[in-house]
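To start, the structure under review is shown below, and the notes come after it.
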Amino acid sequence: MHKDSHTTHDASEDARNRDIKIYVNGELFHRDEAKVSVYDSGFMLGDGMWEGMRLYNGKWAFFEEHMDRFYEACKAVSLDVGLDRNSMLEALTMTAQANGMTTDVHCRLMLTRGTKTKPFQHPSLSHSGPTLVIIMEHSKPVTELQSRGIRLATVPQVRGLPMSQDAKYNSHSKLNCVIACLQAEQAGADEALMLDPHGFVNTTNACNFFIVRKGEVWTSTGDYCMNGVTRQKVIDICRENDIPVYERNYSVVDAYGADEAFLTGTFGAQTPVAEIDGKLVGDGSRDMITRIQRLYKAAVANNTTTV
């Protein structure tokens with residue numbers, strides 16, 4: 001990575017994370033002892049689904065929406081979760097309490113098809129049941145990102161062919177996004193701006209993407225990108241507050257001419273974009289982003305599930 005590079009997942013260093021306890025199939029282990037088999041289908045094939053969630057002041061932000069996405073994705077690929085939603089919340093609560101975590105916490109919930117009997121891809125080789133892992137870290141986005149912003153580079157790696165691997169799956173198989181990230185890094189940027197199969201602006205390798213043009217908020221159609229929970233919340237917030245918002249096809253040229261641009265994701269919420277392909281975004285003003293950030297914080301406070 002370039003020495004000046006940043007990502008939307010940059011977090012302040014927290015020494016407490018050196019001794020976190022990680023949930024693995026109903027048990028808690030020190031991070032140094034938390035392990036899965038080399039035969040696990042997630043390690044071997046990327047066969048699994050995951051969710052990223054945030055814990056604010058003892059409450060999970062938009063828990064039901066995250067569970068909707070998670071359980072629907074698992075159903076779509078015939079992956080037995082093994083726990084209902086109440087039991088999943090209990091597992092999350094168990095992990096949070098074991099770590100003494102209440103706020104500024106990021107959770108990565110991961111489920112794979114489990115340990116395989118042989119090192120081959122067929123799902124029938126997974127006999128042991130699913131592997132469920134919950135990693136929670138004390139994790140607060142670095143404040144510098146809000147002032148500095150992210151630098152994006154448009155990359156050749158396309159995201160969103162539903163007939164091959166639908167981008168709506170929050171799957172362990174992330175190689176296409178990793179390749180895009182490498183391409184952006186090699187172009188001297190922080191992250192990748194990925195196009196859809198038709199050449200329209202789609203998403204980044206890690207987050208959903210928005211631009212602001214003449215008081216209007218634009219994002220992709222949603223047909224070829226991750227169905228981001230934060231993405232949808234931003235769209236809802238705009239509609240509820242009379243901010244014109246459009247899910248539409250638009251080109252990189254439109255993005256170059258934007259007044260503002262930002263990324264959305266569970267970890268960073270809304271992260272400003274400073275440059276696209278070396279071109280500065282607008283004149284540096286972020287009036288719309290600041291307004292949306294304020295409204296989003298209010299939505300988080302009003303729509304949460306207690307651990």
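Read-outs: derived from the displayed coordinates by stated rules, not from any lab. Values in this document were obtained by computation on a predicted structure and should not be read as measured data. Reconstructed Cβ throughout: ideal geometry from the backbone, glycine too, with neighbour counts over all protein chains shown.
I'd like the distance between the alpha-carbon centres of segment 92-132 and segment 229-307, rounded to an integer number of Å.
Centre-to-centre (Cα) distance: 31 Å.
Write down the percent of antiparallel bridges among all DSSP beta bridges whose residues are both part of segment 64-143, to the nearest 5.
100
What does the highest-first list of 247-254, 227-234 look like by mean Cβ count within 10 Å?
The packing order, highest mean first, is 227-234, 247-254.
For the chain, what number of Lys pairs, 8 or more residues apart or on separate chains, have alpha-carbon atoms under 19 Å from each other?
The number of close lysine pairs in the chain is 12.
Once both axes come from the Cα atoms, what is the angle between helix 229-240 and the longest principal axis of the chain, in degrees from 0 to 90, rounded to 10?
Taking Cα atoms only, the helix is inclined about 40 degrees.
In percent, what relative contact order does the chain have, based on Cα pairs under 8 Å that are 6 or more apart in sequence?
Relative contact order for the chain comes out at 20 percent.
Per q in 0.07, 0.08, 0.12 Å⁻¹, report the Debye log10 I(q)/I(0) for the chain, using one uniform scatterer on each alpha carbon and no solvent.
One equal scatterer on each Cα of the chain leads to -0.27, -0.36, -0.83.
Given Cβ point charges of +1 (Lys, Arg) and -1 (Asp, Glu) and nothing else, what value in debye, to the nearest 20, does the dipole of segment 15-138 about its Cα centre take?
260
Need one word for segment 15-138: rounded, prolate or oblate. Basis is the Cα gyration tensor (sqrt eigenvalues a ≥ b ≥ c); a/c below 1.5 gives rounded, then a/b vs b/c decides.
oblate
With +1 on each Lys and Arg Cβ and -1 on each Asp and Glu Cβ, how big is the dipole of the chain about its Cα centre, in debye rounded to the nearest 20?
So the magnitude is around 260 debye.
Quick check on packing: order 75-86, 193-204, 134-145 by the mean number of other C-beta atoms within 10 Å, highest mean leading.
193-204, 134-145, 75-86
Quick one: go through segment 187-219 and flag any residue whose amide nitrogen is under 16 Å from the point 7 Å out along the Cα-to-Cβ line of residue 291.
So the set is 211-219.
Go ahead and collect, in residue order, the members of segment 123-152 whose backbone nitrogen is under 13 Å from a label point 7 Å along the Cα-Cβ direction of residue 29.
Within reach of a label on residue 29: 131-135.
Rounded to the nearest 500 deg cm²/dmol, what is the calculated helix-only ellipticity per residue at 222 nm for the chain, with -39500 (n - 2.57) per DSSP H run of length n ≥ 4?
Theoretical 222 nm ellipticity from helices: -8000 deg cm²/dmol.
Between segment 133-170 and segment 172-212, how many Å separate their Cα centres?
That distance is 8 Å.
Run the simple label-point estimate for residue 15 and residue 117 please: 7 Å along Cα→C-beta, distance reported in nm.
5.0
Just to be sure I understand: if I project the alpha-carbon convex hull of segment 144-306 onto a plane and average over all orientations, what area do I get in nm²?
About 9.6 nm², averaged over all directions.
What's the angle, to the nearest 10 degrees (0 to 90), between helix 85-98's Cα axis and the longest principal axis of the chain?
With both axes taken from Cα atoms, the answer is about 90 degrees.
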